[in-house]
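The values are calculated or read from the model by the stated rules, or taken from the named source; none is laboratory data. Fair warning: this is a prediction, and the values are worked out from it, not measured in the lab. Note that we place each Cβ from the backbone using ideal geometry, even for glycine, and neighbour counts take in every protein chain shown. The area values use the complete protein model at the heavy-atom level, side chains included, leaving out ligands, DNA and RNA. Shrake-Rupley method; radii C 1.70, N 1.55, O 1.52, S 1.80 Å.
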Amino acid sequence: MDFQPTEDQKDLRAGVRDLLAGRYGREALRASVDSGVSVDRALWRELGEAGFFALRLPESEGGVGLGLPEAVLVFEEAGRALVPGPLVATHLAAGVVPGAAAGTAVVSAFDLGGPLVAHLGDADAVLGASAVPAGEPVRSVDPLTPLHRVAVAGDSSAYREAGALLTAALQVGSALRTVELAVRYAGEREQFGRPIGAFQAVKHLCARMLVRAEVARTAVYAAAVTGDAGEVAAAKLLADEAAVRGARDCLQVHGGMGFTWEADVHLHLKRAWVRAEQWRTAAQAEEVLARELLGSAG
């Protein structure tokens, strides 16, 4: 079985990267943070027009007609760019909620395993609920992932497998981006007349970041092809670790600069923390893997 992306898949990934670089680069990210606007409706519609949300919807229903392997490539790029908003939920709602496929509707979900809903204030619909529930704002660690506590939680379990895998793809994109940030800074910052990247300790730190990110990416790609529940759980577990630990290591490479508001590293770490709690937590993924192992052992 060949897990290497095809030329069409590479072109798709490159197209999405170019779109996001032009439409949601660092200046746009910083403008979102400064304004507190987590969902840009104009960007949402542009993503819809580009087929981001309708990617897996059949062509007979107005979609692109691709599958999970292509979707994870697209979401990896969105994670790399730190695009905010309920991307996964809106994608899953394509063909279910009117306007989701086209990006004219913003859809959230009960993906945090409790009475918390992300982006509720921007949502036109919530997966697993007949109507958008009322909610009380809750302080979020991520400035671009507002949270609300609702009185009654809905049920989005029917979307859990795909939701966990696409969230893992977002985490992989973020993990790979922090590798880039760490390596670039290590080549620019000098100590004792040499770039800090010349020191073995920093080299090892960056190497470990890359290994974790690439292992997670391989797991996500494999799970997208097989669709196996155990592989999806493993992919989410590895991707969460790669994103969280990668951002922490990137902070260490940056030193004191990494803890300043001007650096983007802290945004990757905060988003990774939130995503690690969405669709499937580490504990839940471990339970799935344990059941798989016990089942295979008879």
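For the range 5-24, the set of residues classified as part of a helix (DSSP H, G or I) and in contact with a Lys or Arg (Cβ under 9 Å, 6 or more places away or on another chain) consists of 17, 20, listed by residue number. Give me the residue from the range 243-275 that is surrounded by fewer than 20 Cβ atoms within 10 Å (Cβ to Cβ) and of a type in the set (A, V, I, L, M) and, out of that set, farthest from residue 33 (Cα to Cα). Among residues in the range 243-275 that are surrounded by fewer than 20 Cβ atoms within 10 Å (Cβ to Cβ) and of a type in the set (A, V, I, L, M), the one farthest from residue 33 (Cα to Cα) is 257. For residue 8, the stated conditions hold: it is modelled with pLDDT under 95 and of a type in the set (Asp, Glu). For residue 49, the conditions (1) open to solvent by less than 10 Å² (accessible area, probe 1.4 Å); (2) touching a residue at least 40 places away in the same chain (Cβ under 8 Å) all hold with the exception of (1). The strands (runs of 3 or more DSSP E) found wholly in the range 91-173 and carrying at least 2 residues that are surrounded by fewer than 22 Cβ atoms within 10 Å (Cβ to Cβ), of a type outside the set (Gly, Ala, Ser) and in contact with a Gly (Cβ under 9 Å, 6 or more places away or on another chain) occupy 147-150.
Is it the case that residue 77 is open to solvent by 10 Å² or more (accessible area, probe 1.4 Å) and not aliphatic (A, V, I, L, M)? In short, no.
Rundown of residues vs (1) aromatic (Phe, Trp, Tyr); (2) under 19 Å from the mean Cα position of the chain (by Cα); (3) within 18 Å of residue 271 (Cα to Cα), yes/no style:
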site	(1), (2), (3)
5	no, no, no
31	no, no, yes
35	no, no, yes
42	no, no, no
79	no, yes, yes
86	no, yes, yes
94	no, yes, no
102	no, no, no
112	no, yes, yes
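Looking at the range 195-224 only, could you name the residues that are at pLDDT below 95 and of a type in the set (Val, Ile, Thr)? Once the filter is applied, which keeps residues that are at pLDDT below 95 and of a type in the set (Val, Ile, Thr), the range 195-224 yields 196, 202.
Of everything in the range 197-211 that is more than 13 Å from residue 181 (Cβ to Cβ) and without any contact (Cβ under 8 Å) to a residue 24 or more places away in the chain, the residue that is surrounded by the fewest Cβ atoms within 10 Å (Cβ to Cβ) is 200.
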